[in-house]
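Okay, structure first, notes after.
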Amino acid sequence: KFPADEVVALASRRSVGVEVSYGDRTLKVKALEHYDFSDVDICLMSAGGSVSKEWSPKIGAAGTVVIDNSSAWRMDPDVPLIVPEVNADATAGFKKKNIIANPNCSTAQLVVALKPLHDKATIKRVVVSTYQSVSGAGKDAMDE
């Protein structure tokens, strides 16, 4: 139940017209490349790193805040890397590019669990091993 007056599903031309669910509504996908972002407040970008690298700066330049779920901006010093439960105050610098990044799923869960421990007794180092599904790297990785 994200508070929004309007939600628009965007994708590549290949997906135009496809129907996707949003709550109890069905949205028809529109073309990202033809969309006017001038009146959009927030864009939730989940299209992968290369698409985000191409489109997020353009969308941000239109005045829209891009919240990116890919790895594209995670290491960019001008893009805050945010886990709201941990460092929501770090969004202060997002206006440089109008982009906010978030970490991968393993990191997000980990830092939410570690934050209260760190607040009580400063954590200096954490060693973590994760096992990621190869499917997260896409079809080519699966075929390999």
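Applying the selection to region 54-78, what residues are in contact with a Gly (Cβ under 8 Å, 6 or more places away or on another chain), in a loop (DSSP other than H, G, I, E, B) and crowded, with 17+ Cβ neighbours inside 10 Å?
70, 72
Looking only at region 79-96, count every residue that is part of a loop (DSSP other than H, G, I, E, B) and surrounded by fewer than 18 Cβ atoms within 10 Å (Cβ to Cβ) and tell me the total.
1
Could you list all residues from region 31-50 that are hydrophobic (A, V, I, L, M, F, W, C) and at pLDDT 95 or above?
Of everything in region 31-50, those that are hydrophobic (A, V, I, L, M, F, W, C) and at pLDDT 95 or above turn out to be 31, 32, 37, 40, 42, 43, 44, 45.
Any idea which residue in region 17-30 is surrounded by the most Cβ atoms within 10 Å (Cβ to Cβ), counting only those that are part of a loop (DSSP other than H, G, I, E, B) and at pLDDT below 95?
The selected residue is 23.
Mind checking which residues of region 31-53 are aromatic (Phe, Trp, Tyr) and surrounded by fewer than 17 Cβ atoms within 10 Å (Cβ to Cβ)?
Across region 31-53, the qualifying residue is only 35.
Here are 124, 115: which of them is over 29 Å from residue 31 (Cα atoms), part of a loop (DSSP other than H, G, I, E, B) and basic (Lys, Arg)?
The unique qualifying residue is 124.
If you check residue 8 against the conditions, is it surrounded by 12 or more Cβ atoms within 10 Å (Cβ to Cβ), out of contact with any Leu (no Cβ under 9 Å at 6 or more places or on another chain), under 20 Å from residue 67 (Cα atoms) and touching a residue at least 12 places away in the same chain (Cβ under 8 Å)?
No, not satisfied.
Report whether or not residue 59 is touching a Ser or Thr at 6+ places or on another chain (Cβ under 8 Å) and either at pLDDT below 95 or within 28 Å of residue 5 (Cα to Cα) (or both).
Answer is no for this residue.
Is it the case that region 41-55 has a residue that's closer than 18 Å to residue 96 by Cα, acidic (Asp, Glu) and over 13 Å from the mean Cα position of the chain (by Cα)?
yes
Quick check on my filter: what residues within region 50-93 are under 17 Å from residue 11 (Cβ atoms) and touching a residue at least 40 places away in the same chain (Cβ under 8 Å)?
56
Tell me which residues, restricted to region 127-144, are of a type outside the set (Ser, Thr, Tyr) and either within 16 Å of residue 47 (Cα to Cα) or not in a helix (DSSP H, G or I) (or both).
Matches in region 127-144: 127, 128, 132, 136, 137, 138, 139, 144.
Would you say residue 99 is without any contact (Cβ under 8 Å) to a residue 40 or more places away in the chain and either within 25 Å of residue 11 (Cα to Cα) or touching a Gly at 6+ places or on another chain (Cβ under 8 Å) (or both)?
The answer is no for residue 99.
Under 9 Å by Cβ, and 6 or more places apart or on different chains, what pairs join a residue from region 26-44 that is over 20 Å from residue 68 (Cβ atoms) with one that is assigned to a strand (DSSP E or B)?
Listed pairs, sorted by first residue: 26/19; 26/20; 27/19; 27/20; 27/21; 28/19; 28/20.
The values are calculated or read from the model by the stated rules, or taken from the named source; none is laboratory data. Because the structure is predicted, anything quoted here is derived from the model rather than measured. Positions of Cβ are generated from backbone atoms using ideal geometry, with glycine treated the same way; all protein chains shown enter the neighbour counts.
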